[in-house]
1. Among the listed pairs A:K45/B:K242; A:K149/B:K104; A:K5/A:K50; B:K81/B:K104; A:K45/B:K104; A:K50/A:K149, which have their C-alpha atoms separated by more than 25 angstrom in this model?
2. Can you tell me the 0 to 90 degree angle between the C-alpha axis of helix A:116-129 and the longest principal axis of chain A, rounded to 10?
3. Let me know the charge dipole size of chain B about its Cα centre in debye, to the nearest 20, where only the beta-carbon of Lys, Arg (+1) and Asp, Glu (-1) is charged.
4. With point charges of +1 on the Cβ of Lys and Arg and -1 on the Cβ of Asp and Glu, referenced to the Cα centre of chain A, which listed residue (A:V197, A:S170, A:A208) lies farthest in the positive direction of the dipole?
5. With a cut-off of at most 13 other beta carbons within 10 Å, and DSSP calling the residue loop, which trypsin sites (Lys or Arg not before Pro) in segment B:274-378 qualify? Please list them.
6. Can you find, among A:G92, A:A105, A:M157, the residue sitting farthest towards the positive end of the charge dipole of segment A:92-160, where Lys and Arg contribute +1 and Asp and Glu -1 at Cβ?
7. Counting Lys and Arg as +1 and Asp and Glu as -1, each charge on the Cβ, what is the dipole of segment B:313-378 about the Cα centre in debye, to the nearest 20?
8. Where the centroid of each part is defined by its Cα atoms, how far is segment B:298-372 from segment B:84-161 in Å?
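The values are calculated or read from the model by the stated rules, or taken from the named source; none is laboratory data. Every value quoted in this text rests on a predicted model; they were computed, and no experiment measured them. We place every Cβ from the backbone using ideal geometry, glycine too, and count neighbours over all the protein chains shown. Calculation scope for accessible area: heavy atoms of the full protein, side chains included, ligands and nucleic acids excluded. Shrake-Rupley method; radii C 1.70, N 1.55, O 1.52, S 1.80 Å.
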Amino acid sequence: MKEEKIIEVRRLSAGYAGRAILSDVSFDVRQGEIFIILGGSGSGKSTLLKNMIGLYPAMSGEVLIRGENMIGAVGAVRERLLRQFGVMYQGGALFGSMTLAENVALPLEECTRLPREARALLARLKLQQVGLGQFADYLPSETSGGMVKRAAVARAMALDPGILFLDEPSAGLDPITSAELDELIRALSRDYGITFVIASHELASVYAIGDRAILLENGGIAAEGSPVQLRDNPPNNYVRAFFRREPERARAA
Amino acid sequence: MATDSAGQSAPLRVESSGSETILALSGTLDDAAVARCWSRALGAARTSQGPVRVDCARVDSCGGAGFALLVALAEMAEERKQSFVVDGLAPQFRSMYDGIDRSKLGQTETPQREKYGPVASVGQAVADRAAEWREETEFVGEVGVGLAGLGREPRRLRLREWWVMVEKAGTNALPIVALISFLMGMIMAFQAAMPMRQFGVDLFVVNLVALTITRELGPLMTAIVLAGRSGSAFAAEIGTMKVNEEVAALTTMGLSPVRFLAVPRVLAGIVVTPVLTVYSMAIGVAGGLAVMMLLGFPLATLMHQLSGSLRVDDVLAGLIKSFFFGAVVAGVGCLRGLQTGAGAAAVGDSTTRSVVTAIFLIVLLDAVFAVVYYQLKF
Ligand SMILES: Nc1ncnc2c1ncn2[C@@H]1O[C@H](COP(=O)(O)OP(=O)(O)OP(=O)(O)O)[C@@H](O)[C@H]1O
Ligand SMILES: [Mg+2]
């Protein structure tokens, strides 16, 4: 089951206003795995993620989700593709005028025929899964940065999508909450076969959950493999520096 | 995962054996399936005479909506003090289900928000207004001090950023100001020419248009256009900075948000508005003359009439006002921006407030000027 490709990125080049950030990136994500996009700050993790979900028109290349190209998809194809994944943005992107529960219930309201009480209950269940059960009635501005993140994860999961894209889910969380989130991600992947694509540079969390990872550097993929394997057998100096948390200086030497 | 496989049999069968009610669920319990059987399942649980058993042996997969259904059924049974069991759930879903802590589900903290009764809210409104007055007075003072400071130390102005502000508020406003002024002049000349022709004094339309445009409408229209396009832009820009905590960052760096954000914008307003006003006056008068030419007056006659009637004082009177209008429009925009609360909606509110306040103050100021000019016979 784990061999089936669910997302195929083919020779993707992307950037902003003509400035290429990623060039000719290709990799596959397999069904049910937790796939990590690693890379230093500014290496293009968020850019890659946003291009994979079709938020920006990539410069060239394609992103196939279950065989259909996300890049440039329009109309019914795009709708169908969008229903297959949930996204958590780096900043949370919760709607400020709605409570956490309303934020989570919004996709349910718009995309399902569930009755109101079912939506409310489901929103609460999702919030409880991320440990925010008792804060359902808070506005995002009344919560902390880490709580906003977790609520955003809950919102991304609201429709039980088969794929979840998370941009730095555990950055800014305390170790315990972060570990709980890791546990949740692993459980969802194990029990539901949900595929995760996670941009992260929290190494502890990456070792704990990552099945496979790519490391971005200079617009390309510096290494690919399981995080633990990359740490123990780094194929090049950059990878070693990254995993050993060595400063730039040591790498140049 | 969420797609509904059409043509599938109903995901719920209700049976009873003895006093026990059995709810047999089957297939994929995704949102579509649950939506179809939600009310029937809860209805059956509500009317059950004895224990409720949910048979999940034929459930292939259970999504969030399925768990919500199970939890709702459990709650219902608990409320009616009947025993409740879930049977046959596949182990991975079972562990998810067991992980749900129902006792905590109802426990939500209600966030502490300030709430006032009718009397208290009147008091609060007064207190808020008073605080705002104070803020606004301080703002005016600080902008004044900041402008004076720039006079002494012009190098503190970040020229490149300031120039962009001037360009946005000034240069880019030229087309719309021209259009509105020209039409204004035309409309006025046209409306006045008809009745005045009855008395044979239609040449004096030139006097009328020249006087009104230079003394009143030129400065007024320019200021209103500016309030709509630049004052509101200042409010939205600074408001967004406030929401993003950029204003807080300035404060902690020891920079005054008023001096850093408001003073250059107010200066831009003061510089740009008179220029736009003179431009608006010229085009407005031209609009009036254009109509008069269409009505058959030769240009030479019109120019003669114009130079005989228009005094430098009139233009000056309009110009002096426009300095104040510019300061008010830019100042109000910045002030409302800095007063922005939290969230995206707050930015919208402060933009609205900036335009409303600016237009109100412009009209008020105009009335004050009318009185002062009259007293001074200016
Ligand atoms: N909207 C944008 N317009 C122009 N350039 C951008 C934009 N967003 C990001 N960039 C550039 O793209 C590069 C990659 O940014 P990206 O946000 O993808 O990094 P990241 O790997 O997610 O970093 P971080 O770990 O800090 O989130 C950066 O060099 C940044 O300057
Ligand atoms: Mg990022």
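1. Violating the 25 Å limit, Cα to Cα: A:K45/B:K242; A:K45/B:K104.
2. The angle comes out at about 40 degrees.
3. That gives chain B a dipole magnitude of about 820 debye.
4. In chain A, that residue is A:V197.
5. Those satisfying the criteria are B:R311, B:K377.
6. Ranked along the dipole, the leading option is A:M157.
7. In debye, rounded to 20, segment B:313-378 gives about 140.
8. With segment B:298-372 and segment B:84-161 each reduced to a Cα centre, they are spaced 33 Å.
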